[in-house]
Amino acid sequence: MSADEQKKKAAMRAVEMVEPGMRIGLGTGSTAACFVKLLGERVKAGLSVICVATSEATRQLAEERGITVSTLDETPEIDITFDGADEIDGEVRMIKGGGGALLREKIVAMASDRVVIMADTGKVVETLGAFKLPVEVVPFGLTATIDMIEALVSDIGCEGDIILRKGANGETFVTDNGNYIIDCDFKRIDEPEELDDALKFVPGVVESGLFLDICDIAVIGEDDGVRIMEAQRDDDIEGV
Ligand code: 5RP
């Protein structure tokens, strides 16, 4: 079974979690697009929901499919968000941002009661970092920002090329927020929490593609069904 078929399987299982009247966050990328199309079919069949999109591309697709799209300002509390991921480890920590939408994805996820991630089996890894970590940065002072990142992350054992992302047209990729993305080729990230803290210390960094303690459930499409990975969130632990 191809990765695309596994993504569709995960999205089919995820769309069953949608209930009438829900306020839904819509992720970005090919798996999230599968979900949007399936949700569109349910909306056509009479389901009433309000959605908030994590990118202009997703907003456009959702509207084309007849889904009501609100803004996060009009609908600041989301019941459940459905999104994809680039890598997921055993603790359901993730790398996201391959599609360049990580900032809005994280804002919408953090405004959500529950976050469901849908993915193919190829996204599940033992250690994060083989996928280049996307980091959204402001264009001003880009070289100084990269220099500071390199200095800080080498202290915690992360080294590797940091590459300014280009779009399909060869021009610098610009996010929906007018920022740039740098892709950090660290190969393996042994301490994601420490790395995330270090990245956020850099003033030019807007947000990192490390999604830690954010996902509640990952739905993994496999050849013979779907596997559910449930996160042990801090708020699940008694006394925390
Ligand atoms: C976009 C993302 C996507 O969720 C991630 O890149 C996965 O994409 P796909 O579903 O196409 O494999 O984080 O910013």
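Rule-based calculations on the coordinates, nothing more; no lab input. This is a predicted model, so every value here is computed, not measured. Neighbour counts are summed over all protein chains in view; Cβ atoms, including those assigned to glycine, are modelled from backbone coordinates with ideal geometry.
List of remarks:
- Cα long-axis angle, helix 3-15 against the chain (0 to 90 degrees, to the nearest 10): 60 degrees
- Among LYS132, LYS166, LYS37, residue whose mean-square fluctuation peaks in a GNM of the chain (springs only between Cα atoms under 10 Å): LYS166
- Given in Å, the Rg to one decimal and the Dmax to the nearest whole number for the Cα atoms of region 98-180 are 14.9, 39.
- Computed from the C-beta positions of LEU72 and VAL226 and an R0 of 25 Å, the FRET efficiency is 0.30 to the nearest 0.05.
- FRET efficiency, 1/(1 + (r/R0)^6) with R0 30 Å, evaluated for GLU91 and ARG42 via beta carbons: 0.40
- Distance histogram for region 41-110 (every C-alpha pair counted, 5 angstrom bins, percent rounded to whole numbers): 3, 14, 24, 23, 18, 11, 6, 1
- For the chain, the longest principal axis of the C-alpha atoms and the axis of helix 192-201 are separated by about 70°.
- Estimated translational D of region 79-225 in µm²/s (Stokes, Kirkwood radius over Cα pairs; 25 °C; 0.890 mPa s): 158 µm²/s
- Over 22 Å (Cα to Cα) - which of LYS9/LYS132; LYS44/LYS106; LYS96/LYS187; LYS96/LYS166; LYS37/LYS187; LYS8/LYS187 fall in this group: LYS9/LYS132; LYS44/LYS106; LYS37/LYS187; LYS8/LYS187
- With R₀ set to 30 Å, the beta-carbon distance separating ASP185 from MET12 gives a calculated FRET efficiency near 0.35.
- If only the Cβ of Lys and Arg carry +1 and only the Cβ of Asp and Glu carry -1, the dipole of the chain around its Cα centre is close to 1100 debye.
- Pairs of Cα atoms farther than 23 Å apart, region 1-122, %: 20 percent
- Against the chain, whose longest principal axis is taken from its Cα atoms, helix 30-44 shows a tilt of about 20°.
- Projecting the Cα atoms of THR71, VAL135, CYS51 onto the charge dipole of region 1-157, computed from C-beta unit charges around the Cα centre, puts CYS51 farthest toward the positive end.
- Comparing LEU103, CYS34, ILE80 along the charge dipole axis of region 1-115, the residue lying farthest to the positive side is CYS34, per the Cβ-charge model.
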